[in-house]
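K.L.:
Structure incoming, see below.
The values are calculated or read from the model by the stated rules, or taken from the named source; none is laboratory data. As the structure is a prediction and not an experimental result, all values here were calculated from the model. Ideal geometry is used to build each Cβ from the backbone, glycine not excepted, and the neighbour counts take in all protein chains shown. Surface areas here come from the heavy atoms of the whole protein model, side chains and all, with no ligands, DNA or RNA. Shrake-Rupley method; radii C 1.70, N 1.55, O 1.52, S 1.80 Å.
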Amino acid sequence: MRAPENFFANLNQSLKTHECAFPCLVVDLDALDHNISLIKASQTRGFDVRLVAKSLPCPSLIDYITKATGITRIMSFHLPFLCQLIENFPEMDFLLGKPMPTSALKRFNAWRKADAPQNFVPQDQLHWLIDSQNRLDQYAGFAEQSREPLSICLEIDIGLHRGGFSPNKAFENAIKQIQSHPYLKLSGLMGYEAHLAKIPEAFGIKQHFRQRSRRIYQQCRSIISGQGMEPEGLILNSGGSQTFTEFESQETENELAIGSALLKPSDFDLNSLKNFQPACWIATPVLKEQSSQLPGASTISALLKATGIIGNHAGFIYGGNWQAQPVYPQSMQRMRPFGFSSNQECYTFKQGDYPKVDDFVFFRPKQSEALLLQFGNIAAYRSGQIKNWWPVLGYPQSLYSVQP
Ligand SMILES: Cc1ncc(COP(=O)(O)O)c(C=O)c1O
């Protein structure tokens with residue numbers, strides 16, 4: 001999937017006008033708006049949407065999306081980022097996407113007392129994820145000792161086999177333990193089913209596994225009902241960018257997690273997301289150019305050029321070695337014999353497609369999660385103009401200075 005030809009030419013011009021001096025991550029706000037409109041359509045199917053912050057690790061980006069969609073729920077996977085997100089969005093509801101060691105709980109608690117916004121109420125707005133009896137006992141112990149009420153969401157295994165409870169006696173006992181505990185409250189369930197995206201549709205195989213996931217989720221719901229609780233009032237989270245389009249009714253789940261789809265890095269080039277547009281790019285200047293030449297192999301270089309195996313022209317770019325594919329200029333290809341370089345990676349270009357020194361070349365990230373964090377502030381770009389430079393999430397000093 002390619003953005004239009006003049007998109008990159010205009011972006012190149014914009015970055016030069018802004019004297020952008022090093023590799024940067026660009027978010028295309030026009031494409032993002034398009035993706036947001038599709039997400040809004042899915043919200044109208046009746047599901048609540050929880051924004052997956054790890055895939056959009058930039059407070060201004062999250063602010064932009066939540067304002068445009070009305071989303072008030074965030075899923076966080078990293079303690080330092082969680083604290084920063086709470087500072088930025090103290091009115092939002094937070095669900096942890098993975099279970100944390102109790103040391104995270106202790107550090108969070110110390111940070112909260114010292115630094116969290118006054119209007120943030122953890123027992124109502126922060127749901128810790130618990131995957132096992134052992135973890136539950138640890139959290140119960142912490143809550144008793146600290147007399148801190150904790151809101152608990154249970155991770156259930158609906159087929160991904162990445163940990164979590166199954167609908168059995170142990171799960172029922174965990175529910176009972178939470179119900180009878182003076183400081184614990186059950187806020188919901190989280191069952192992730194990314195494996196379904198990899199299963200082929202053919203012969204109803206995918207449908208079979210989807211029904212199986214639903215059945216497991218439904219069994220967990222029934223166990224909760226059996227303990228006298230109304231599951232409707234709980235968070236019943238599932239889905240992710242790879243599967244959220246496949247949920248139709250809220251009979252089982254009531255909340256879908258979505259992150260990466262909004263930027264659509266290339267790992268998300270899936271049929272289910274075919275209407276979404278790529279909205280994030282890496283831009284970096286070409287520092288040097290020369291005729292393609294392999295080190296110490298001039299005859300072979302000439303042969304490879306003559307046979308078109310490598311382009312005529314080579315450019316050394318500022319940086320490199322990213323989890324990303326070169327996309328513009330179109331003939332751009334990594335010069336394999338030079339290997340990967342995080343400093344100055346070498347690319348070849350074909351006749352008529354050469355960038356000039358100091359021109360920007362472009363890559364499409366494979367994923368947003370790690371890539372967005374590698375370039376400093378993000379360039380928020382719309383129709384030929386960089387509108388803003390958005391800082392990404394980092395590591396608040398306050399989290400290190402507190403004494404748990
Ligand atoms: C628990 C959970 N929910 C949802 C997601 C989906 O995130 P995304 O929408 O960015 O693919 C993930 C991704 O790892 C996850 O671990």
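K.L.:
Mind telling me which of the residues ALA283, ALA261, ALA257 ends up being away from the ligand (no atom under 16 Å from the Cβ) and modelled with pLDDT of 95 or more? Full working, then the answer.
P.N.:
On the way: ALA261 fails: away from the ligand (no atom under 16 Å from the Cβ); ALA257 fails: away from the ligand (no atom under 16 Å from the Cβ).
Checking each option against the conditions leaves just ALA283.
K.L.:
Which of the residues belonging to region 44-70 are in contact with a helix residue (DSSP H, G or I) (Cβ under 7 Å, 6 or more places away or on another chain) and over 18 Å from TRP390 (Cβ atoms)?
P.N.:
Of everything in region 44-70, just one residue is in contact with a helix residue (DSSP H, G or I) (Cβ under 7 Å, 6 or more places away or on another chain) and over 18 Å from TRP390 (Cβ atoms), namely VAL49.
K.L.:
PHE120 is checked against (1) within 16 Å of the ligand (Cβ to nearest atom); (2) not in a helix (DSSP H, G or I) and fails just one. What number does that condition carry?
P.N.:
Going through (1) within 16 Å of the ligand (Cβ to nearest atom); (2) not in a helix (DSSP H, G or I) one by one, PHE120 breaks only (1).
K.L.:
Residue check, PRO59 against (1) more than 19 Å from TYR183 (Cβ to Cβ); (2) away from the ligand (no atom under 16 Å from the Cβ); (3) open to solvent by 40 Å² or more (accessible area, probe 1.4 Å), all met but one. Which one?
P.N.:
Only one criterion in (1) more than 19 Å from TYR183 (Cβ to Cβ); (2) away from the ligand (no atom under 16 Å from the Cβ); (3) open to solvent by 40 Å² or more (accessible area, probe 1.4 Å) is unmet by PRO59, namely (3).
K.L.:
Same structure again: If only one of LEU51, LEU11, LEU38 is buried (at least 19 other Cβ atoms within 10 Å of the Cβ) and assigned to a helix (DSSP H, G or I), which one is it? Step through it out loud before you land on a result.
P.N.:
Working: LEU51 fails: assigned to a helix (DSSP H, G or I); LEU38 fails: buried (at least 19 other Cβ atoms within 10 Å of the Cβ).
Result of the check over LEU51, LEU11, LEU38: LEU11.
K.L.:
Please specify each residue of region 238-267 satisfying the condition of being assigned to a helix (DSSP H, G or I) and surrounded by fewer than 24 Cβ atoms within 10 Å (Cβ to Cβ). Talk me through it step by step, then tell me what you get.
P.N.:
Our first condition is that a residue be assigned to a helix (DSSP H, G or I); within region 238-267, this holds for 244-246, 260-262, 266-267.
Passing the criteria: PHE244, THR245, GLU246, SER260, SER266, ASP267.
K.L.:
Which one of these does PRO200 not meet: (1) within 30 Å of ALA261 (Cβ to Cβ); (2) of a type outside the set (A, V, I, L, M, F, W, C); (3) not in a loop (DSSP other than H, G, I, E, B)?
P.N.:
(3)
K.L.:
With the requirement that a residue be of a type in the set (Asp, Glu) and open to solvent by less than 40 Å² (accessible area, probe 1.4 Å), what does region 132-168 give you? Spell out the reasoning first.
P.N.:
Going through region 132-168, the residues of a type in the set (Asp, Glu) turn out to be 137, 144, 148, 155, 157.
Passing the criteria: GLU148, GLU155, ASP157.
K.L.:
Is it the case that region 190-199 has a residue that's away from the ligand (no atom under 15 Å from the Cβ) and of a type in the set (Ser, Thr, Tyr)? Steps first, answer last, please.
P.N.:
Step one: of region 190-199, the residues away from the ligand (no atom under 15 Å from the Cβ) are 199.
When the remaining residues are screened for being of a type in the set (Ser, Thr, Tyr), the result is none.
Within region 190-199, none of the residues are away from the ligand (no atom under 15 Å from the Cβ) and of a type in the set (Ser, Thr, Tyr).
K.L.:
Being in a strand (DSSP E or B) and among the basic types (Lys, Arg) is the filter; apply it to region 347-404 and report the residue that is nearest to the chain's Cα centre (by Cα). Even if it seems obvious, please write down each step before you answer.
P.N.:
First pass over region 347-404, keeping only residues in a strand (DSSP E or B): 347-349, 360-365, 378-382, 385-390.
Those still in the list that are among the basic types (Lys, Arg) too: 364, 382, 387.
Numbers: ARG364: 15, ARG382: 22, LYS387: 23 Å.
Restricting to residues being in a strand (DSSP E or B) and among the basic types (Lys, Arg), the top hit is ARG364.
So that you can scan it fast, the table gives a plain yes or no per residue for (1) more than 30 Å from PRO122 (Cβ to Cβ); (2) touching a residue at least 12 places away in the same chain (Cβ under 8 Å):
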{"residue": "LEU186", "(1), (2)": "no, yes"}
{"residue": "LEU189", "(1), (2)": "no, yes"}
{"residue": "ALA197", "(1), (2)": "yes, yes"}
{"residue": "ILE205", "(1), (2)": "yes, no"}
{"residue": "GLN211", "(1), (2)": "yes, no"}
{"residue": "ARG214", "(1), (2)": "yes, yes"}
{"residue": "TYR217", "(1), (2)": "no, yes"}
{"residue": "CYS220", "(1), (2)": "no, yes"}
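K.L.:
Sort out which residues of region 90-120 are of a type in the set (A, V, I, L, M, F, W, C), over 21 Å from MET190 (Cα atoms) and surrounded by fewer than 18 Cβ atoms within 10 Å (Cβ to Cβ), and write them in order of number. Step through it out loud before you land on a result.
P.N.:
Of region 90-120, the ones of a type in the set (A, V, I, L, M, F, W, C) are 92, 94-96, 100, 104-105, 108, 110-111, 114, 116, 120.
Next cut, over 21 Å from MET190 (Cα atoms) only: 108, 110-111, 114, 116, 120.
Correct list: ALA110, ALA114, PHE120.
K.L.:
Just checking, how many residues over region 143-173 are within 30 Å of the chain's Cα centre (by Cα) and not β-branched (Val, Ile, Thr)? Before you say what the answer is, go through the steps one by one.
P.N.:
From region 143-173, those within 30 Å of the chain's Cα centre (by Cα) are 149-167, 171; that's our starting set.
When the remaining residues are screened for being not β-branched (Val, Ile, Thr), the result is 149-151, 153-155, 157, 159-167, 171.
Residues meeting the conditions: 17.
K.L.:
Restricting to region 308-344, name every residue that is of a type in the set (Gly, Ala, Ser), assigned to a loop (DSSP other than H, G, I, E, B) and touching a helix residue (DSSP H, G or I) at 6+ places or on another chain (Cβ under 9 Å). Before you say what the answer is, go through the steps one by one.
P.N.:
Just the residues of region 308-344 that are of a type in the set (Gly, Ala, Ser), to begin with: 308, 311, 314-315, 319-320, 324, 331, 339, 341-342.
With the extra rule that they be assigned to a loop (DSSP other than H, G, I, E, B), the set shrinks to 308, 311, 320, 331, 339, 341-342.
GLY311, the sole residue that qualifies.
K.L.:
Is there a residue being outside any helix (DSSP H, G or I), more than 24 Å from GLY46 (Cβ to Cβ) and not aliphatic (A, V, I, L, M) anywhere in region 219-235? Lay out the reasoning, then the answer.
P.N.:
Initial filter on region 219-235 (outside any helix (DSSP H, G or I)): 227-230, 234-235.
Filter once more, so that each one left must be more than 24 Å from GLY46 (Cβ to Cβ): 227-228.
Next, from what is left, pick out any that are not aliphatic (A, V, I, L, M): 227-228.
Yes, the conditions are met somewhere in region 219-235.
K.L.:
Within region 259-273, which residues are of a type in the set (S, T, N, Q) and under 14 Å from ALA53 (Cβ atoms)? Steps first, answer last, please.
P.N.:
Just the residues of region 259-273 that are of a type in the set (S, T, N, Q), to begin with: 260, 266, 271-272.
Listed by number, the list holds a single entry, SER260.
K.L.:
Output the number of residues of region 22-58 satisfying the condition of being touching a strand residue (DSSP E or B) at 6+ places or on another chain (Cβ under 8 Å) and within 16 Å of ILE282 (Cβ to Cβ). Give the steps one after another, and end with the answer.
P.N.:
Step one: filter region 22-58 for residues touching a strand residue (DSSP E or B) at 6+ places or on another chain (Cβ under 8 Å), giving 22-30, 39, 42-43, 47-54, 58.
Adding the requirement that they be within 16 Å of ILE282 (Cβ to Cβ) leaves 22-28, 58.
Going through region 22-58 one residue at a time, the tally reaches 8.
K.L.:
Going by the conditions given, is GLU87 on the phi > 0 side of the Ramachandran plot and either acidic (Asp, Glu) or open to solvent by 60 Å² or more (accessible area, probe 1.4 Å) (or both)? Lay out the reasoning, then the answer.
P.N.:
On the way: on the phi > 0 side of the Ramachandran plot: no; either acidic (Asp, Glu) or open to solvent by 60 Å² or more (accessible area, probe 1.4 Å) (or both): yes.
No.
K.L.:
Among (1) modelled with pLDDT of 95 or more; (2) within 16 Å of the ligand (Cβ to nearest atom), there is one condition LEU184 misses while meeting the rest; what is its number?
P.N.:
(2)
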